[in-house]
Amino acid sequence: MSSGEKYLAAAYGVIFVVLLLWVVIIAAKLTRLEREVGELAERARERRDGD
Amino acid sequence: MSTSSRNSRVPALAALAAALVGLSLALVFFVAPEDADQGISQKIFYFHVPIALTAYACFGWGALKALLYLWRKDERYDLESYVGIHLGTVFGTLTLLTGSIWAKASWGVWWTWSSNQLVLFLVLFLFYCAYFMLRFSVEEGPRRASLSAVYALFGVVLVPVSFFAIRLASDFIHPTVFNREGPQMSGTMFATFCVAWGAITVLAYVLYRVELAGKLLDQHLRELREALA
């Protein structure tokens, strides 16, 4: 592999890694939101059963 | 158009972005000719430049939404401005990283302070990085939204300065590919560049909508939590 090819692979690799990192962050956020929605649904059910 | 109808188009747009990115990569590696001067490392250009242009567009979008917030005082514009600027810094990071790799391949150095465009882009990037420091140092509410909006509007002045710096200051280090005579490249190279630019633009829009949907959902959940408390 020539040095030009290595730099080219590095540049495209960086783009891929940053975008992948973005997906990981969004996935983590989605997991948190899912958990919070579950907690709120549970609270709403408790309130309904209490009434 | 409502938020839900806009969000319903996101999967289709994400598929379009994936197809365009795939097409761009095929054009870059199998169709576009190798540059006579720089060799294969010139192929960094096809993604580096569209990413830089998208970063400028995101900062501009963030400033436009900031202006709308100051005008109408609708919280949604504050959120849209924040997401635009956040994506601008993500694309700005990619611009600096890919540019630095390209600089090493072409000029033998990772960075040079003698190029006005490089330095001005770094100033613009750091200015918007400081936006987050300002935003998160102020308590949530209308004051934070107004301060963030004013800051975002100040920063957008740097966008045309950074963009035109290369032409105004006769920068001989950073290449000028687009000038008054048109694009300084072959038709195949230009077509590849246009497809890559389209791909990055659609991708940026998808990322914007996904991040904004997450932020809005977060906001609605907070309101719901308060209502159920």
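Among the residues making up segment B:48-82, those that are closer than 12 Å to B:Ala145 by Cβ and among the hydrophobic types (A, V, I, L, M, F, W, C) are B:Ala66, B:Leu68, B:Leu70, B:Leu79. The single condition from (1) closer than 27 Å to B:Val210 by Cβ; (2) within 14 Å of chain A (Cβ to nearest Cβ) that B:Gly108 fails is (1). Which residue, of B:Ser115, B:Ser186, B:Ser162, B:Ser137, is modelled with pLDDT of 90 or more and more than 14 Å from every other protein chain (Cβ to nearest Cβ)? Within the list B:Ser115, B:Ser186, B:Ser162, B:Ser137, the selection yields B:Ser137. Within segment B:116-139, being polar (S, T, N, Q) and more than 21 Å from B:Ala66 (Cβ to Cβ) holds for B:Asn116, B:Gln117. Within segment B:8-35, residues that are within 15 Å of B:Phe193 (Cβ to Cβ) reach no partner that is outside any helix (DSSP H, G or I) and modelled with pLDDT of 95 or more with beta carbons closer than 8 Å at six or more positions or on different chains. Report yes if some residue within segment B:144-151 is under 14 Å from the mean Cα position of the chain (by Cα), aliphatic (A, V, I, L, M) and surrounded by fewer than 22 Cβ atoms within 10 Å (Cβ to Cβ); otherwise report no. Within segment B:144-151, not a single residue is under 14 Å from the mean Cα position of the chain (by Cα), aliphatic (A, V, I, L, M) and surrounded by fewer than 22 Cβ atoms within 10 Å (Cβ to Cβ). Sort out which residues of segment B:117-143 are surrounded by 16 or more Cβ atoms within 10 Å (Cβ to Cβ) and farther than 17 Å from B:Pro160 by Cβ, and write them in order of number. Within segment B:117-143, B:Tyr131, B:Arg135 meet the criteria. Of all residues in segment B:202-229, those that are on the phi < 0 side of the Ramachandran plot and part of a helix (DSSP H, G or I) have Cβ atoms under 7 Å from Cβ atoms of residues that are polar (S, T, N, Q) and at pLDDT 90 or above, 6 or more apart or on another chain, in B:Ala204/B:Thr54. Whenever a residue of segment B:135-153 is at negative phi, its partners that are among the charged types (D, E, K, R) and assigned to a loop (DSSP other than H, G, I, E, B), lying with C-beta atoms within less than 9 angstrom and at least six residues away or across chains, give the pairs B:Pro142/B:Lys73; B:Ala145/B:Lys73; B:Ser146/B:Lys73. The set of residues in chain A being assigned to a helix (DSSP H, G or I), of a type in the set (Gly, Ala, Ser) and either more than 7 Å from chain B (Cβ to nearest Cβ) or more than 30 Å from B:Leu216 (Cα to Cα) (or both) consists of A:Ser3, A:Gly4, A:Ala9, A:Ala10, A:Ala11, A:Gly13, A:Ala27, A:Ala28, A:Gly38, A:Ala41, A:Gly50.
The values are calculated or read from the model by the stated rules, or taken from the named source; none is laboratory data. Small disclaimer: the values here were computed from a predicted structure and weren't measured. Cβ coordinates were reconstructed from backbone atoms using ideal geometry, including for glycine residues, and neighbour counts include every protein chain displayed.
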